[in-house]
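The values are calculated or read from the model by the stated rules, or taken from the named source; none is laboratory data. What you are looking at is a predicted structure, and each value in this text was computed from that prediction instead of being measured. Cβ sites come from the backbone with ideal geometry, for glycine too, and all protein chains shown count toward neighbours. To get the accessible areas, we keep the full protein, side chains included, count just its heavy atoms, and leave off ligands, DNA and RNA. Shrake-Rupley method; radii C 1.70, N 1.55, O 1.52, S 1.80 Å.
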Amino acid sequence: MGPLDFVYNIGLIQALLLFSGLFLIIVEMFNPGFGVAGITGIILLILGIIITAKSFLDALIMTAIILVIIVVALLLVLRSASRGRLKKVLVLSDSLKKDEGYTSVESLENYIGKEGVALTILRPSGSAEFDGEILDVVTEGRFIPKNSKVKIVDVSGRRIVVRAVE
């Protein structure tokens, strides 16, 4: 009686349960999603172990062998996700470039040079009105009182920099 005697107890039903359980777990690794395949695979593996093992030692050895197979499969999946075909499926390689007409925010460059009125005290940030439109602005570092005239001197993304007009 050796530690691998359970191999002789594996019949067709046990083999189907074990292999289909492993297959479903590997499918879940390659197609992550809701988890139905993975959970079903775990249940089939547990049933296969319970039906096949004649002792606690047999069940422990089968579990260890199955875990080794799953770890090897997981390493292959991770390698494929970082270098192989799976990377092409999981990683978005397209990029939306500005020169192709894509922008993440509306361009506020056309506001440079416009004059308006500070609606709040700008210390250094606040709100100002330009041609009837209220914008969040920041100063170059100086405090600007409420109702002062301001001019837009720089725009960087959504950051609008203003300066007091004398």
>> Using only the heavy atoms of the protein chains and a 1.4 Å probe, how would D58, D154 rank by accessible area, largest first?
In response: D154, D58
> How high is the FRET efficiency from I13 to R79, r the C-beta distance, R0 25 Å, rounded to 0.05?
Replying inline: 0.15
> Contour minus end-to-end for V155 and T120, with contour as 0.36 nm per residue of separation and end-to-end as the Cα-Cα distance?
Replying inline: 10.6 nm
> Excluding the sites themselves, what is the longest stretch of the chain that contains no chymotrypsin sites (Phe, Trp or Tyr not before Pro) in a DSSP loop with at most 13 other C-beta atoms within 10 Å?
Replying inline: 35-101
> If we restrict to alpha carbons, what Rg and Dmax does the chain come to, in Å?
Replying inline: 32.7, 99
>> Going by amide H atoms built from the backbone, whose H comes under 5 Å of the H on V137, apart from near neighbours?
In response: G126, S127, A128
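Per the Kirkwood formula on distinct C-alpha pairs, the Rh of the stretch 105-166 is how many angstrom?
Roughly 11.1 Å, rounded to one decimal.
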> Which of the trypsin sites (Lys or Arg not before Pro) across the stretch 128-166 are loop residues per DSSP, with 16 or fewer other Cβ within 10 Å?
Replying inline: R142, K146, R158
> Rolling a 1.4 angstrom probe over the protein heavy atoms, how many square angstrom per residue are accessible across the chain?
Replying inline: 71
> Taking H as built 1.01 Å from N, whose amide H comes closer than 5 Å to the amide H of V150, not counting residues under 5 places away?
Replying inline: G116, V117, A118, V165
>> Counting only protein heavy atoms and a 1.4 Å probe, tell me what percentage of the chain's accessible area is made up of carbon and sulfur.
In response: 63
> If all Cα-Cα distances of the stretch 21-65 are sorted into 5 Å bins from 0 onward, what percent lands in each bin, rounded to whole numbers?
Replying inline: 5, 26, 24, 18, 14, 9, 3, 0
>> Taking a virtual spin label 7 Å from the Cα of V91 along the C-beta vector, which residues in the stretch 49-80 bring their backbone nitrogen under 13 Å of it?
In response: 78-80
>> Apply the Karplus curve 6.51 cos²θ - 1.76 cosθ + 1.60, θ = phi - 60°, to the phi angles in the stretch 125-141 and return the couplings in whole Hz, x for Gly and Pro.
In response: 10, x, 10, 9, 10, 10, 6, x, 10, 8, 10, 7, 10, 10, 8, 6, x
